Amino acid sequence: MNRVVDLRSDTVTQPTAAMRAAMFAAPLGDDVFGDDPSINALQERVADMLGFEAALFMPTGTQSNLCGLMAHCQRGDEYIVGQSAHTYRYEGGGAAVLGSIQPQPLAQNASGQMALADIASAIKPDDCHFARTKLLCLENTWNGHPMPMDYLAQATTLARQHGLAAHLDGARLFNAAAASAAPGETVAAAARRITSYFDSVSVCFSKGLGAPIGSALCGSKALIARAHRVRKMAGGGMRQSGLLAAAATHALEHHLERLADDHALAQRLAQGLQGIDGLQVRSAQTNIVFVDVADGRGPDLLAFLKARGVLATGLIGLRFVTHLDVDAAGIDRAIDATRAFFSQGAAPASALAAGRAAVY
Ligand SMILES: *Cc1c(COP(=O)(O)O)cnc(C)c1O
């Protein structure tokens, strides 16, 4: 009953008993020698599923994106990316620091899309004044928003017309796929429709899919060969990593179709929070719910929820993420605790200060 309802991220999931059993049973080798059968099976499976020649297992999505960007771009090249895209904003500037790749960040609309006209005018002519524009990087889902298929088609077609390659940060690709699947279409088939627009894609197994660790970069054989060298440089050459690959393979086999359950729980949460005075549901797409909290009470709400065993993240806006380890009862606890916070009225200033101290 008092189990913590952890809605901070879909990265917090514990491997299921069946996933642990698959890890325990995995045949292992040494992946730096290329002979870990569980790694090789995962790489073939994910490449095949997403329609690419090859794939490379990575410890993190950050390293996967970095290896992808550095496989596409040389020192002095440039990539076009959203102003609040993960690769630009939340990866320590790795493309610039480690790859000498110049980012060209562009504004995004509320759904994460860069305007096609902005992309077109950011592509530099071949002139010694400019960095060489080589790559367009999109993210799907972005803050939970699945990108419309026609936007993916238009943006990547525009990139190709100018000789740019296209990379997808698909940390939550399968959430986008689950949201975009036509009736009767599998999540894997919908994912493949999305990835068909891209030269490379990075996917995370450690988010909605529920694996403990791991990502994969997919692309052509030549691109993956270049990325392999970067991964080694970045310290990502692992040994008996088939233990981790087995968890990812288990997730691909068993956790794709159930992503719809996470999306339904996010809707349940959004509906339960709607209409609470002092709080506004800003967006509730796929498995992520964002709310705006009035009067600077976000940190106090966060502390109040935490004291009642409900964890979220944020400041002015709060973020709640659903996943494998939350159920309807947990969501209802989050709703009830939020209602309780707003029905108690404004807390005295000293309590606000105490709440803040508790958060940070
Ligand atoms: C989580 C995430 C990543 C990679 O994160 P890691 O913590 O390095 O695995 C990349 N892009 C997006 C959009 C993400 O949400």
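Some points to look at:
- The residues listed here are ALA354, ALA260, ALA266, ALA312; of these, the one that is at pLDDT 95 or above and open to solvent by 30 Å² or more (accessible area, probe 1.4 Å) is ALA260.
- Members of the range 132-156 found to be free of Cβ contacts under 8 Å to residues at least 40 places away in the same chain and assigned to a helix (DSSP H, G or I), listed by number: ASP150, TYR151, GLN154
- Taking the range 195-213 as the range and being within 16 Å of the ligand (Cβ to nearest atom) and either without any contact (Cβ under 8 Å) to a residue 40 or more places away in the chain or in contact with a Ser or Thr (Cβ under 7 Å, 6 or more places away or on another chain) (or both) as the test, the residues that pass are PHE198, VAL201, SER202, VAL203, CYS204, PHE205, SER206, LYS207, GLY210, PRO212, ILE213.
- Out of CYS137, CYS128, sole residue that is closer than 26 Å to PHE290 by Cα, among the hydrophobic types (A, V, I, L, M, F, W, C) and out of contact with any Leu (no Cβ under 6 Å at 6 or more places or on another chain): CYS137
- For the range 19-46, a residue qualifies if it is under 19 Å from HIS250 (Cα atoms), open to solvent by 50 Å² or more (accessible area, probe 1.4 Å) and assigned to a loop (DSSP other than H, G, I, E, B), and the qualifying residues are PRO27, LEU28.
- Within the range 144-181, if we keep just the residues that are under 13 Å from LEU259 (Cβ atoms) and touching a His at 6+ places or on another chain (Cβ under 8 Å), the residue that is most open to solvent (accessible area, probe 1.4 Å) turns out to be ALA179.
- Number of residues in the range 47-79 that are more than 10 Å from the ligand (Cβ to nearest atom), more than 15 Å from HIS228 (Cβ to Cβ) and surrounded by 23 or more Cβ atoms within 10 Å (Cβ to Cβ): the value is 3.
The values are calculated or read from the model by the stated rules, or taken from the named source; none is laboratory data. Given the structure is predicted, the values throughout are model-derived calculations rather than measurements. Glycine also receives a Cβ, built like all others from the backbone with ideal geometry; neighbour counts cover every protein chain displayed. Side chains are part of the model used for accessible areas, which takes the heavy atoms of the whole protein and leaves out ligands, DNA and RNA. Shrake-Rupley method; radii C 1.70, N 1.55, O 1.52, S 1.80 Å.
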